[in-house]
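The values are calculated or read from the model by the stated rules, or taken from the named source; none is laboratory data. What you are looking at is a predicted structure, and each value in this text was computed from that prediction instead of being measured. Cβ sites come from the backbone with ideal geometry, for glycine too, and all protein chains shown count toward neighbours. Please note that ligands, DNA and RNA were not included when accessible areas were found on the heavy atoms of the full protein model with its side chains. Shrake-Rupley method; radii C 1.70, N 1.55, O 1.52, S 1.80 Å.
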Amino acid sequence: MVYGNDALRRTAAEVLERRRQPILAAYRQRLTAATDDLGGAADLVDSYTTQADVLVRETVVEIGRETTDPLSAPPPTSATEGVDLHPRECFRAVVALADILLADALEQLCGRPDQGAILALVADALTRTTLTRLLDASSRYAAGLMNEVHQAQIAERSLIARELHDRLGHSLSAAYRNLEAHELAQERHGGDVDRRVVIARESLHDAVGYLRVLIADLRLSQPLGSLDEALANFLSTVETGETRLHTEINGDESWVPPEVLDEVFLVVREALRNAVAHAGARVIHAVVDITPHELRATVVDDGVGFDLAAERDGSGLRAMAERAAAVGGRLAVRAAGRQGVSVELVVPLLAVGAGAGR
């Protein structure tokens, strides 16, 4: 690494700034004449040239920045809206710019006794700014790819949800209505309704309910804006009868990563749905406590309870446990005879990177 005095740095910066426009003109000419992927469309040439202009400006600033550690801090950057280049092509474009810039600087400094020192300052500053730009281009390109993957997942989930709704949902609803009509017809004629028909109708009713929840889950493709708001919206669609239902959220939701908040909502919603549908409770209480290091959600009812050993392998409990495990948490379900049910979800937030806010 070469460190120059103030006079050398000033000379290097002045040479580069004075020659910036001729360097960019030569660079554009090389791009235009290129026969490979670097040449071609005018908009690509404009993008490469814009990026090169920013790079040269940053190099001038970097030459004047005195440092004893060349990796202590990144050089200042300038925004280049709309310039999104593939990292491979960005690297090739930077190599072409460096070739032109260093050759021009060498020509301008030819014959000076301090030529080597000044040229070393220019090359060092150009290397630092180049590495920063390449890293930025790679990060933005990777983020773009991840966004495309996410959008593809959203489209696929939406397609599955539509198919379930339009095909399976229609068939289940039709079967349920036919069984319901059969029961009414039997009752009007004074006949006894076959218990198997009643059981089949109730099973279809539950299946339709689970299908609606599944479709809603598939369409939940964007992070929640607010857990409190999402639970309130869900409860507004639930018929609770005489059951009193209370929800309480304590703490700052911004401490929770969005993907964790999504899973917490789905677990709490399923616990509330089960309690409303099956507990026969007078009161259902849901509490979510959020601290910087932990989220703890509890849903408690005073209903009839159930046999936990018999239901442990049920799809609902299994799905809730899997969602908890997916975000590094754990699910505990307690059902003591006819003394109600308690569902507790605990998620350690530091382990999943909470605290950075959203």
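When the range 27-44 is limited to residues that are surrounded by 17 or more Cβ atoms within 10 Å (Cβ to Cβ) and among the aliphatic types (A, V, I, L, M), the one that is modelled with the lowest pLDDT turns out to be LEU38. Screening the range 95-110 for residues that are assigned to a helix (DSSP H, G or I) and open to solvent by 50 Å² or more (accessible area, probe 1.4 Å) and picking the one that is nearest to GLU14 (Cα to Cα) gives GLN108. Checking each residue in the range 282-310 for being modelled with pLDDT of 85 or more and among the hydrophobic types (A, V, I, L, M, F, W, C) picks out VAL283, ILE284, ALA286, VAL287, VAL288, ILE290, LEU295, ALA297, VAL299, VAL300. Summed over the range 111-153, residues that are at pLDDT 75 or above, among the basic types (Lys, Arg) and open to solvent by less than 60 Å² (accessible area, probe 1.4 Å) total 1.
The number of residues in the range 237-268 that are at pLDDT 90 or above, in a helix (DSSP H, G or I) and either open to solvent by 30 Å² or more (accessible area, probe 1.4 Å) or among the polar types (S, T, N, Q) (or both) comes to 0.
I want to confirm something. Restricting to the range 180-206 and keeping residues that are in a helix (DSSP H, G or I) and open to solvent by less than 60 Å² (accessible area, probe 1.4 Å), which single residue is farthest from LEU168 (Cα to Cα)?
Here is the first cut: in the range 180-206, the ones in a helix (DSSP H, G or I) are 180-188, 195-206.
Pick out the ones that are also open to solvent by less than 60 Å² (accessible area, probe 1.4 Å) and you get 181, 183, 185, 197-198, 200-201, 204.
On the way: ALA181: 20, GLU183: 23, ALA185: 26, VAL197: 20, VAL198: 21, ALA200: 17, ARG201: 16, LEU204: 12 Å.
Ranking the qualifying residues of the range 180-206, first place goes to ALA185.
Got a number for residues in the range 261-283 being of a type in the set (Val, Ile, Thr) and touching a helix residue (DSSP H, G or I) at 6+ places or on another chain (Cβ under 6 Å)? Quick ask: steps written out before the conclusion?
Keep residues of the range 261-283 that are of a type in the set (Val, Ile, Thr), which gives 264, 267-268, 276, 283.
So of that shortlist, the ones also touching a helix residue (DSSP H, G or I) at 6+ places or on another chain (Cβ under 6 Å) come out as 267.
So the count comes out to 1.
Looking at the range 210-236, which of the residues that are modelled with pLDDT of 80 or more and either assigned to a loop (DSSP other than H, G, I, E, B) or surrounded by fewer than 18 Cβ atoms within 10 Å (Cβ to Cβ) (or both) is nearest to the chain's Cα centre (by Cα)? Top of the filtered list is SER226.
Condition first: more than 18 Å from LEU211 (Cα to Cα) and open to solvent by 50 Å² or more (accessible area, probe 1.4 Å). Now tell me which residues in the range 269-290 satisfy that. Across the range 269-290, the qualifying residues are GLY280, ARG282, HIS285, ASP289.
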